[in-house]
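Let me begin by presenting the structure, written as structure tokens, before commenting on it.
The values are calculated or read from the model by the stated rules, or taken from the named source; none is laboratory data. Bear in mind the structure is a predicted one, so any value in this text is a computation, not a measurement. All Cβ positions, even for glycine, are placed from backbone atoms using ideal geometry, and neighbour counts span all protein chains on display. We work out accessible area using only protein heavy atoms, side chains counted, and drop any ligands, DNA or RNA first. Shrake-Rupley method; radii C 1.70, N 1.55, O 1.52, S 1.80 Å.
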Amino acid sequence: MVAQEKEHSPIKFREVFLSDLKSIVNLYRTQKTIHSTGLNADFGLPLGIAELNCKIIAYAFVNINDAGKAVVQVHTDKELAQDQVCETLKNISLKRFKAQWTFDDNGISTENHVKNAISRLVNWLNNCYQ
């Protein structure tokens, strides 16, 4: 009998869709201790996801650090995502962020715009998932 080799699905990297938000929130909640008050600004603004077999195994997000600068970070399903996947997702998402958010039309840094977008998204998600 010939052993059959299972076909491995490649990990797909893509932007975040509205339909992904529930899975992203659930992944975030497994990584953080969420109190009954819901999400906060630490959730960030999701930029990209890594999928394996149609399951989100990691997502990259931008947040504002204590110095007031935008930083891209990754939350993962630690059982499925590898360091290389996280690094690739972070690099792709950083490029996407720089292309879309780094400066406005006047060349002004958009950290305040990002902070405002995070606040609006978190408030909206808290209203949706109460």
Pairs returned, first residue in region 47-72 that is without any contact (Cβ under 8 Å) to a residue 24 or more places away in the chain and in a loop (DSSP other than H, G, I, E, B), second residue that is surrounded by 13 or more Cβ atoms within 10 Å (Cβ to Cβ) and of a type outside the set (D, E, K, R), beta-carbon separation under 7 angstrom, 6 or more apart or interchain, are Asn65/Val71
Of the candidates Gly44, Gly38, the one satisfying the condition of being open to solvent by less than 70 Å² (accessible area, probe 1.4 Å), at positive phi and at pLDDT 90 or above is Gly44
Inset, instruction - Considering every residue within region 84-91, establish whether at least one is touching a Phe, Trp or Tyr at 6+ places or on another chain (Cβ under 8 Å), open to solvent by less than 30 Å² (accessible area, probe 1.4 Å), of a type outside the set (S, T, N, Q) and at negative phi. - result: yes
Being open to solvent by 80 Å² or more (accessible area, probe 1.4 Å) and at pLDDT 90 or above narrows Asn123, Asn112, Asn63 down to just Asn123
